[in-house]
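Note sheet for the following structure.
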Amino acid sequence: MNMRLAIAVTISLALLCAMPGAAAGETGRGAYDAGKVKLDAGDFSGAADDFARACQLEPGNRTFLLWHMRLQVFLGQNAAFSGDHRQAITLFSQAMAAKEKLTTAKDSEYLAIRRLLDLTREHQSLGSIKPEYVHRVKVLYIRHTDLQGVVDKDGRPVTGKGSMSDSQITASIRAQDQLRFFIEALTRGKLSLSFDRTVVDATLTKAVIYARQANTTMYRPDFSSTSESLGPYLFPKRNNIDSIFMYFINPGFSVWPFANAVPLIYVPYTWYGPERGSIALPMDAAVAKNNTELVTNFPHSWVTFHEFFHVIERRSGGIGPMHGWLPESIEKSKKAYPDWVPDANATWTATEYTWYRYHLLNTLPARMQMQSQKSGITPPFANFSFSLTSPDGHNDAIFKTYTRVLAKISLENLRLAEELVAQADKARRSKRTEEARALYTKALNHNQYHHRALYELGMDAHRRRDSAEAERYFSILERVFPDPKYARPTSSPTR
């Protein structure tokens with residue numbers, strides 16, 4: 001590099017990081033070290049000022065410039081997610097200028113900054129967003145974990161005990177804000193999300209084996225196993241919930257984030273409501289482990305968006321193949337969606353993003369229009385609701401009555417009763433009537449008020465014309481679970 005070019009680069013870097021306030025005698029290293037301390041303490045704006053000042057004091061230091069870039073991205077995201085588009089664009093532009101000074105490579109950082117700039121401009125162009133539908137998300141944070149009676153694939157006991165930190169919760173809220181921003185931008189403002197958050201001071205006590213791998217066991221949390229029932233948080237708002245996000249801590253046992261549609265838990269192991277969209281997020285995968293990782297990992301902060309896309313797949317009637325952006329699926333995906341153009345960049349996040357973008361801009365609106373024509377629910381994006389398309393008609397009195405009579409039955413007995421009822425259901429469907437009867441009866445030894453066991457035994461007695469026994473089961477059922485769906489039959493049994 002000749003002398004004139006070197007001077008020009010130095011001046012350019014100085015302007016890039018320029019900001020007033022450097023104290024006399026202050027060094028770039030001193031400002032940088034002060035920034036790292038503030039970053040660790042969660043003072044992101046203060047850290048950004050210090051890193052910018054370090055750049056100003058030592059314009060040629062690439063480490064200082066790198067951290068300046070990262071903080072500009074972080075603060076730009078905060079501005080974008082809060083709706084301050086002008087400030088976000090300014091900060092992302094500064095970050096992009098810094099990135100281009102660091103390298104000419106179109107790597108994952110470059111792509112992420114470019115994407116954020118483009119999305120912010122797109123979001124800004126929407127003006128005041130008036131969505132066709134606001135998808136209502138109930139967020140539950142299960143504060144503690146203390147596994148009991150869990151074993152790995154080889155039968156060895158698994159211990160997992162810990163508590164969720166407030167900083168983890170704060171970081172997850174930021175990821176939710178990012179998700180809302182992406183959804184609004186990519187549906188052109190037709191769909192938005194709202195979040196109703198509750199921290200539950202309860203303990204997750206069980207996890208079940210999901211996958212057995214060579215050197216590890218993968219688990220899924222059993223949310224019915226929480227020390228405090230989740231029913232009081234879900235039943236009262238059952239028709240104001242479209243999706244549920246469950247956060248938990250998983251020390252000592254491995255869990256992949258996962259999404260699907262699951263029934264709402266009303267009474268653990270016993271009574272469930274209609275399906276709602278769901279995401280389960282272990283904190284070790286959902287959020288950064290510290291502020292340094294939070295700031296540096298911006299190209300890969302996809303977890304919540306990635307998982308919510310599975311809810312989109314389900315609510316839209318299916319988008320396949322699943323993970324269609326993966327290299328092994330691209331050709332099949334292109335055949336299914338010829339207009340989808342995967343990004344040619346070797347950075348995998350580019351192709352993943354093009355997959356989401358294509359379907360949110362094209363497939364989802366078309367599917368919502370089709371569903372609207374079938375359901376009669378308008379406007380079209382209102383069909384993205386689970387609560388409108390699958391409302392729960394139970395009244396509050398049933399919940400109050402049933403939870404009151406079950407209050408003294410242990411969680412373990414509720415679980416054992418449900419296992420037996422599941423076995424009985426299988427036997428009944430296979431027409432093994434006597435086996436089913438014995439299993440339903442055995443279930444009542446653990447939970448004498450299990451509504452489905454009472455109902456099936458009452459129906460079995462009715463079919464056998466044992467009116468006294470039928471009366472015994474239905475009279476209990478009517479007292480503890482007065483649901484018309486489980487009412488006693490009014491006609492005589494067929495011969």
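The values are calculated or read from the model by the stated rules, or taken from the named source; none is laboratory data. In this text the structure is predicted, and so the values were computed from the model without any measurement. All Cβ positions, glycine included, derive from the backbone under ideal geometry; neighbour counts span all protein chains shown.
Looking across region 454-495 at every residue that is surrounded by 20 or more Cβ atoms within 10 Å (Cβ to Cβ) and in contact with a His (Cβ under 8 Å, 6 or more places away or on another chain), the one that is farthest from Leu439 (Cα to Cα) is identified as Phe481.
Yes/no per residue for (1) of a type in the set (Gly, Ala, Ser); (2) under 27 Å from the mean Cα position of the chain (by Cα); (3) in a helix (DSSP H, G or I):
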site	(1), (2), (3)
Pro338	no, no, no
Gln369	no, yes, yes
Thr378	no, yes, no
Pro391	no, yes, no
Lys408	no, no, no
Asn413	no, no, yes
Ala417	yes, no, yes
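In summary, Pro257 fulfils each of the numbered conditions (1) touching a residue at least 60 places away in the same chain (Cβ under 8 Å); (2) farther than 26 Å from Thr403 by Cβ with the single exception of condition (1). The C-beta contact set for region 151-173 (first residue small (Gly, Ala, Ser), second residue in a helix (DSSP H, G or I), distance under 7 angstrom, 6+ apart or interchain) comprises Ala171/Leu294; Ser172/Ala286.
If we scan region 361-374, do we find a residue that is modelled with pLDDT under 95, closer than 21 Å to Leu179 by Cα and buried (at least 16 other Cβ atoms within 10 Å of the Cβ)? There is no residue in region 361-374 that is modelled with pLDDT under 95, closer than 21 Å to Leu179 by Cα and buried (at least 16 other Cβ atoms within 10 Å of the Cβ).
Filtered by the rule that a residue be among the hydrophobic types (A, V, I, L, M, F, W, C) and under 20 Å from the mean Cα position of the chain (by Cα), region 212-239 gives Met218, Phe223, Leu230, Leu234, Phe235.
Looking across Ala88, Ala95, Ala52, Ala48, one residue alone is closer than 12 Å to Val295 by Cα and either free of Cβ contacts under 8 Å to residues at least 24 places away in the same chain or touching a Gly at 6+ places or on another chain (Cβ under 9 Å) (or both). It is Ala48. Among the criteria (1) among the aliphatic types (A, V, I, L, M); (2) without any contact (Cβ under 8 Å) to a residue 12 or more places away in the chain; (3) closer than 24 Å to Ala185 by Cβ, the one Ala346 does not fulfil is (3).
Scan region 268-325 for residues that are in a helix (DSSP H, G or I), free of Cβ contacts under 8 Å to residues at least 40 places away in the same chain and charged (D, E, K, R) and jot them down.
Asp284, Glu293, Glu313
Note on region 227-252: residues that are of a type in the set (A, V, I, L, M, F, W, C), within 20 Å of His135 (Cα to Cα) and assigned to a strand (DSSP E or B) amount to 3.
If you check Ser224 against the conditions, is it at negative phi, in a loop (DSSP other than H, G, I, E, B), surrounded by 15 or more Cβ atoms within 10 Å (Cβ to Cβ) and touching a strand residue (DSSP E or B) at 6+ places or on another chain (Cβ under 8 Å)?
It is false that Ser224 is at negative phi, in a loop (DSSP other than H, G, I, E, B), surrounded by 15 or more Cβ atoms within 10 Å (Cβ to Cβ) and touching a strand residue (DSSP E or B) at 6+ places or on another chain (Cβ under 8 Å).
What residue, among those in region 123-161 that are touching a Lys or Arg at 6+ places or on another chain (Cβ under 8 Å) and acidic (Asp, Glu), is nearest to Leu179 (Cα to Cα)? The extreme case among them is Glu132.
Results for (1) surrounded by fewer than 17 Cβ atoms within 10 Å (Cβ to Cβ); (2) of a type in the set (Ser, Thr, Tyr); (3) at pLDDT below 95, shown as yes or no for each residue.
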| residue | (1), (2), (3) |
| --- | --- |
| Met322 | yes, no, yes |
| Asn345 | yes, no, yes |
| Tyr353 | no, yes, yes |
| Tyr358 | no, yes, no |
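Against the test of being more than 24 Å from Thr403 (Cβ to Cβ) and either modelled with pLDDT of 95 or more or not assigned by TED's automatic domain parsing to the domain that holds Arg415 (or both), the options Glu478, Glu471 yield a single qualifying residue, Glu471. Across region 247-265, the qualifying residues are those that are in contact with a His (Cβ under 8 Å, 6 or more places away or on another chain) and buried (at least 20 other Cβ atoms within 10 Å of the Cβ), and the one among them that is farthest from Val150 (Cα to Cα) is Ala259. Only one residue in Thr63, Thr90, Thr120 is touching a His at 6+ places or on another chain (Cβ under 6 Å) and either over 29 Å from Lys190 (Cβ atoms) or of a type outside the set (Gly, Ala, Ser) (or both). Which one? Sole residue among the options that is touching a His at 6+ places or on another chain (Cβ under 6 Å) and either over 29 Å from Lys190 (Cβ atoms) or of a type outside the set (Gly, Ala, Ser) (or both): Thr120. Taken over region 419-463, the criterion of being under 16 Å from Val480 (Cβ atoms) and out of contact with any helix residue (DSSP H, G or I) (no Cβ under 7 Å at 6 or more places or on another chain) is satisfied by Gln448 alone. Restricting to region 324-343, name every residue that is buried (at least 18 other Cβ atoms within 10 Å of the Cβ) and under 18 Å from Trp256 (Cβ atoms). Scanning region 324-343 gives a single hit, Trp325.
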